[in-house]
1. Can you name the strands (runs of 3 or more DSSP E) wholly within region 28-117 that have at least 1 residues being touching a residue at least 40 places away in the same chain (Cβ under 8 Å) and among the aliphatic types (A, V, I, L, M)?
2. Just name the residue that is nearest to the chain's Cα centre (by Cα) out of those in region 38-96 that are surrounded by 14 or more Cβ atoms within 10 Å (Cβ to Cβ) and small (Gly, Ala, Ser).
3. In region 118-151, which residues are within 18 Å of the chain's Cα centre (by Cα) and not in a strand (DSSP E or B)?
4. Yes or no: region 164-186 includes at least one residue that is more than 15 Å from Pro91 (Cβ to Cβ), at pLDDT 95 or above, part of a strand (DSSP E or B) and out of contact with any Gly (no Cβ under 7 Å at 6 or more places or on another chain).
5. I need every pair where a residue in region 155-174 that is exposed (fewer than 12 other Cβ atoms within 10 Å of the Cβ) has its Cβ under 6 Å from the Cβ of a residue that is modelled with pLDDT of 80 or more and not in a helix (DSSP H, G or I), sequence separation at least 6 or different chains.
Amino acid sequence: MIQLALLALLSAEPTWEKIGETDGVTIEQRVVPGSKFAELRFTLLSTKTPKSLCDAAFGDGKFDPEEPDLKSRTILSEGPDERVTYEEITPPVVSNRDYVVRARRSWEGAACRMTFEAATDVGPKPKDGWVRITRLKGHWLFEPGEAGKTRLTYVVFSDPAGSIPPFLVEGNRRKLGVRWVKMIDSRGTQP
């Protein structure tokens, strides 16, 4: 009996810890076993519809100069609810980074989920002078909330690769997450 209780405790996911709130966006983090970087969760109640927010997050896959730190984006493959892109970013403080990401969109009743993850195996080789991000995953979830609002949730884990200490990037990762949430919310439409 004690072994079962111990096993349940060891297999439990780390819990979310609230670390702040900015412009109505709640910011939380949790430990990722085996990584020095945290997984981040951003939540916001929006007046926009789940469909319009999901469409905004999935986008058209083309380069968007308003996206934070994005230098270039190339669509490698595309379907109605799945897309693979190669992206280059120029983040502050660290060297240029690139990654290949697969995004998938799905509906769960009235809620829409868009997942994304690194898909390095289907992309081009890393360029000289660029650091390849291979540990990237997360999701957007847009679900009906209270009082006719939509609960927008953005969860992201990324390891920027290289020998970067977390204190150099964690503050920027949080600011970037809030910017992403606010940008997607601004692109949604009213009911």
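The values are calculated or read from the model by the stated rules, or taken from the named source; none is laboratory data. What you see is a predicted model; the values in this text were computed from it and never measured. When we count neighbours, we look across all protein chains shown, and the Cβ atoms used for this are built from the backbone with ideal geometry, even at glycine.
1. Details: elements: 39-46, 70-78, 82-89, 97-108.
Answer list for region 28-117: 39-46, 70-78, 97-108.
2. Only one residue fits best here, namely Ala57.
3. Correct list: Ala119, Thr120, Ile133, Thr134.
4. Within region 164-186, not a single residue is more than 15 Å from Pro91 (Cβ to Cβ), at pLDDT 95 or above, part of a strand (DSSP E or B) and out of contact with any Gly (no Cβ under 7 Å at 6 or more places or on another chain).
5. Gly162/Val131
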